[in-house]
Structure formats: C-alpha cells, structure tokens
Amino acid sequence: METVSSSTNALQDVASVDDFLNAAATETVPLFDHLEFEFLLEYDVFAPSKRGRTRVHQPPDLFRGFLHCYYEDVYGTRPVTRELQNGLVWYYCGLDKPPSRDTVDRFLTDLEHVIDDVFDRLVEQAAVRGLLDSTYSIDSTHIEAIQYNDAASWNYDPTAEEYYYGFGCTIVSTGAKIPIAAEFTQAKQANQETAMRVTRDALAVDTPIWMLGDSAYDILDWHDHLLAAGVVPIAPYNPRNTDDPKDIEYRVEDRIDEHSEDVQLKQSVLDETYNHRTGVERT
C-alpha cells in the first residue's frame with residue numbers, strides 16, 4: 001500500500017501529467033511493452049551480495065530508467081539521478097521510488113561488465129517480435145565523451161566541420177530506428193575492416209533484402225560480400241575513387257552488370273529504396 005500511495009502522490013505532484021503521458025505513449029513506454037528485461041536477473045553481476053543484501057531497485061527497472069534517460073539525451077550519473085527523481089519517470093520505469101546516486105552509479109558499473117551480451121539479447125527479442133524489416137542501413141557517427149575519459153581522443157568531424165573529444169561508432173539499424181549491430185572506434189569514420197565486421201554482425205541477426213550506406217561504403221568487398229549473401233547493397237558511387245569514373249549512380253549497378261546477366265535493377269527502385277537511409281542517421 002505504501003508503494004501505491006507514494007506513486008499516486010508522485011503523479012499528483014507533477015503539473016505536466018498530460019504532456020508526459022502524451023510523450024510516453026509514443027516513445028519509451030511502448031518499447032517497454034515490446035521488450036522484456038527480466039533476463040538481467042540471470043547475470044551474476046546483479047546477484048545479491050555475499051552478505052545476502054538484496055537490491056532496493058531491481059536491475060530490469062533500473063535498466064528501463066537508463067533507456068528512458070538515454071532516449072532523452074540524459075547521460076552521466078548525476079543527470080540520470082536527477083531525471084529519475086521525476087515522479088512520472090520512475091513510476092513508468094517500474095521503480096517503487098527514485099534511486100539514489102550511489103544506486104545509479106553501482107548499476108551502471110555492473111552493467112558495463114555484461115552490456116555486450118545485453119545488447120545481443122535485446123536484438124534477439126526485437127527479431128523474434130517482428131520489429132525488424134527487410135532494409136538495413138549502416139552509418140558512422142561521433143560519440144562525445146567527458147574529457148577525463150583517457151580512452152577517448154580529439155577527432156575531426158567533417159560533416160559538422162568541427163573537432164570533438166570522444167569516439168566514433170559504426171551502427172546498423174532497421175525498422176523503427178532499431179540498432180542491431182554496432183562497434184565503437186577511435187575516430188568517427190570507420191575503416192573497411194570495421195565496416196565488414198559490423199555488416200557481418202548485422203547479417204547474423206537476419207538476412208535483409210537491402211542494405212544501404214552512404215558513399216563511404218563504395219567498397220568493392222562490401223558490395224560483393226552482400227551480393228554473395230543474397231542482399232542488394234545500395235551505396236552511391238564515388239567517382240573520386242578512380243581516374244576513369246563510370247556512368248552510374250550506385251556501385252551495385254556495376255557489380256550486377258559484371259557478375260550477373262539475369263538481374264536488373266531499375267534506377268527508380270534504387271533511388272526510392274536509398275531514401276530510407278535517413279533512418280540510421282536518426283538512430
């Protein structure tokens with residue numbers, strides 16, 4: 001009864017209940033309905049301490065809290081703790097009360113040990129629940145870091161035309177901005193080996209019909225690997241890669257002509273499909 005009472009009071013104390021409900025209905029709460037996080041309890045790192053102390057807040061609920069915060073671009077122990085003081089936020093994440101900063105810090109430290117496997121488990125759930133579609137997109141972006149993170153470095157982002165301190169991240173997404181494969185890099189622009197590695201990870205989830213990338217993915221090995229797997233790669237042809245440019249818009253046009261006499265791709269279909277690549281940029 002104390003939980004119900006405190007939750008009700010928290011809801012009454014927030015003036016923007018309608019605004020929050022409207023936002024939550026289209027953002028993180030439906031995600032919580034699609035995915036289950038109870039598997040976090042299987043990890044030894046989240047087991048009760050040797051003294052038998054149980055956690056005040058369960059890992060699945062705290063994980064929902066972090067997903068909400070990251071979706072709202074809230075990062076770091078202090079900012080996350082402040083965000084989870086909001087009665088509506090901790091209530092809809094399944095928490096009985098707002099967690100302390102020590103609790104948030106401890107959970108994040110523990111999660112670090114298993115995060116790669118957690119990512120894989122969530123991707124598996126998304127695939128089983130039919131949340132993926134037949135088009136994959138790959139892109140690289142920058143991830144800023146706090147300056148006392150010794151593993152990060154200063155990098156130049158040619159898109160923004162500015163320097164940033166942090167890392168790069170190559171990501172493959174599909175469906176409604178769902179990431180299914182990713183790898184952090186030292187700089188924003190991934191090399192060919194990273195692109196191939198992340199692509200293979202994505203294909204291990206499921207085989208799409210299309211895979212989209214910008215002109216940075218005008219890579220022969222990338223195209224040939226996807227075609228061999230039965231996937232149509234669409235990346236704009238980069239004429240700067242040669243002194244004798246071809247009269248094509250997409251590299252796949254040349255690869256099809258060279259390797260297959262039976263397959264034809266209409267320019268309009270390639271253009272229309274490539275327009276879906278913006279989804280990975282939002283991801």
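Selection within the stretch 240-268: residues that are modelled with pLDDT of 85 or more and under 31 Å from the mean Cα position of the chain (by Cα). The member of this set that is least open to solvent (accessible area, probe 1.4 Å) is 252.
Only one of these is under 17 Å from the mean Cα position of the chain (by Cα) and hydroxyl-bearing (Ser, Thr, Tyr): 153, 100, 140. Name it. Break it down into steps so the answer makes sense when it comes.
Numbers: 153 fails: under 17 Å from the mean Cα position of the chain (by Cα); 100 fails: under 17 Å from the mean Cα position of the chain (by Cα).
Only one candidate passes the filter, namely 140.
Scanning the stretch 193-233 for residues that are open to solvent by 60 Å² or more (accessible area, probe 1.4 Å), under 18 Å from the mean Cα position of the chain (by Cα) and touching a residue at least 40 places away in the same chain (Cβ under 8 Å) gives a single hit, 206. Restrict the check to the stretch 96-105 and report whether at least one residue is among the hydrophobic types (A, V, I, L, M, F, W, C) and touching a residue at least 60 places away in the same chain (Cβ under 8 Å). Within the stretch 96-105, not a single residue is among the hydrophobic types (A, V, I, L, M, F, W, C) and touching a residue at least 60 places away in the same chain (Cβ under 8 Å). If the Cβ limit is 9 Å and pairs must be 6+ apart or interchain, which residue in the stretch 55-75 that is in the same structural domain as residue 98 (by the TED database) and at pLDDT 85 or above pairs with which residue that is open to solvent by less than 30 Å² (accessible area, probe 1.4 Å) and charged (D, E, K, R)? Note: pairs meeting the criteria are 59/110.
Can you say whether residue 232 is over 30 Å from residue 70 (Cβ atoms) and β-branched (Val, Ile, Thr), as far as the supplied structure shows? It is true that residue 232 is over 30 Å from residue 70 (Cβ atoms) and β-branched (Val, Ile, Thr).
Within the stretch 83-108, work out how many residues are closer than 26 Å to residue 182 by Cα and open to solvent by 70 Å² or more (accessible area, probe 1.4 Å).
Residues of the stretch 83-108 closer than 26 Å to residue 182 by Cα: 93, 104-108.
Adding the requirement that they be open to solvent by 70 Å² or more (accessible area, probe 1.4 Å) leaves 105-106.
Within the stretch 83-108, residues that are closer than 26 Å to residue 182 by Cα and open to solvent by 70 Å² or more (accessible area, probe 1.4 Å) number 2.
If you take the residues of the stretch 150-173 that are of a type in the set (Phe, Trp, Tyr) and loosely packed, with under 13 Cβ neighbours inside 10 Å, which of them is farthest from residue 236 (Cα to Cα)?
In the first step, residues of the stretch 150-173 are kept if they are of a type in the set (Phe, Trp, Tyr); the result is 154, 156, 163-165, 167.
Narrowing the set further to residues that are loosely packed, with under 13 Cβ neighbours inside 10 Å leaves 154, 163.
Details: 154: 29, 163: 26 Å.
Taking the candidates together, the pick is 154.
Within the bounds of the stretch 134-149, is there any residue that is outside any loop (DSSP other than H, G, I, E, B), hydrophobic (A, V, I, L, M, F, W, C), under 20 Å from residue 115 (Cα atoms) and open to solvent by 10 Å² or more (accessible area, probe 1.4 Å)? There is at least one residue in the stretch 134-149 that is outside any loop (DSSP other than H, G, I, E, B), hydrophobic (A, V, I, L, M, F, W, C), under 20 Å from residue 115 (Cα atoms) and open to solvent by 10 Å² or more (accessible area, probe 1.4 Å).
Return the residues of the stretch 174-192 that are under 17 Å from residue 141 (Cβ atoms), in a loop (DSSP other than H, G, I, E, B) and open to solvent by 50 Å² or more (accessible area, probe 1.4 Å); say none if nothing qualifies.
First pass over the stretch 174-192, keeping only residues under 17 Å from residue 141 (Cβ atoms): 174, 177-191.
Keeping just the survivors that are in a loop (DSSP other than H, G, I, E, B) gives 177, 186-191.
Hits for the stretch 174-192 are 177, 186, 189, 191.
The values are calculated or read from the model by the stated rules, or taken from the named source; none is laboratory data. A quick note: this is a predicted structure, and the numbers were derived from the prediction, not measured. A quick note on method: Cβ atoms are made from the backbone with ideal geometry, for glycine too, and the neighbour counts reach across all protein chains shown. Surface areas here come from the heavy atoms of the whole protein model, side chains and all, with no ligands, DNA or RNA. Shrake-Rupley method; radii C 1.70, N 1.55, O 1.52, S 1.80 Å.
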